[in-house]
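Notes follow the structure.
The values are calculated or read from the model by the stated rules, or taken from the named source; none is laboratory data. Fair warning: this is a prediction, and the values are worked out from it, not measured in the lab. With ideal geometry, Cβ positions are generated from the backbone for all residues, glycine too; neighbour counts draw on all protein chains shown. These area figures cover heavy atoms from the full protein model, side chains too; ligands, DNA and RNA do not enter into them. Shrake-Rupley method; radii C 1.70, N 1.55, O 1.52, S 1.80 Å.
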Amino acid sequence: DERTVVVIADGRKFVAETDERFDAIIVDSSEPIGPSAVLHTPEFYASCKHALKEDGILVTHNGLPFLFPEHLADTTRAFASLFERVAPYMCTQPCYFGGPFALNWGSDEDEHLDIAEKKLAKRQQKRGIETRYWTPAVHNAAFALPAYAQTVVDKAMAEGRSERCGKNGRGKNKSAKKNRI
């Protein structure tokens, strides 16, 4: 696709220094240890948000919350301090053993997540997209978290929103009720 530009560079440095603004940034890095640990920090996520368009979306992977709940908690907390809408979700990732794989979604746009299955199905049909896993129903169901993950997310959301309120000097964050958690 002629719109595609491949940049091979330090991702942390790129988002911190770019003047470009993106519709979406999808971070598919290694686990938050070793050299990729910097791609799992509040500072990196803040740089990503700065590189997004006003209604842009940031997505990151969060590993296996059943085995490593702190990874989901850390990302959710950071996203909640940055974005109006935060929506962790889960999927089957066959190359990871230990249960469902978690991802995190953040945006300041309220309507990105409110897409009915019928509308998703129409988009899929119109674009001729065939999949072996994804369906509009699976898409919406992915955001329904099991209790063990929801507990982690609820606590991290509260902590992140509290941090956000402190940064903004407000007593209560009015947008917290808009989150899909």
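For the pair ALA9 and LYS122, label points projected 7 Å from Cα toward Cβ lie 3.9 nm apart. Taking trypsin sites (Lys or Arg not before Pro) across the range 17-84, the ones in a DSSP loop with at most 12 further Cβ atoms lying within 10 angstrom of their Cβ are ARG21. The charge dipole of the chain, taken about its Cα centre with unit charges on the Cβ of Lys, Arg, Asp and Glu (plus for the first two, minus for the last two), comes to roughly 700 debye. A protection proxy built from the mean count of other Cβ atoms within 10 Å ranks the segments 148-157, 78-87, 116-125, 98-107, most packed first, as 78-87, 98-107, 148-157, 116-125. Counted residue by residue at 0.36 nm each, then reduced by the alpha carbon distance between them, the extension gain from TYR133 to SER29 reaches 35.2 nm. With 10 Å bins beginning at zero, the pair-distance distribution over Cα atoms of the range 1-121 amounts to 13, 42, 35, 11, 0 %. Here the label points at GLU17 and SER36, each 7 Å from Cα along the C-beta direction, are separated by 2.3 nm in the simple model.
Ligands, DNA and RNA left out, the accessible area of the chain computed with a 1.4 Å probe is 55% carbon and sulfur. Assign one of three labels to the range 69-160, namely rounded, prolate or oblate, based on the Cα gyration tensor with a ≥ b ≥ c the square roots of its eigenvalues; rounded applies when a/c is under 1.5, prolate when it is not and a/b is larger than b/c, and oblate otherwise. Oblate, since a/c reaches 1.5 and b/c is not below a/b. Projected label points at ALA144 and LEU67, each 7 Å from Cα along the beta carbon direction, are separated by 2.6 nanometres.
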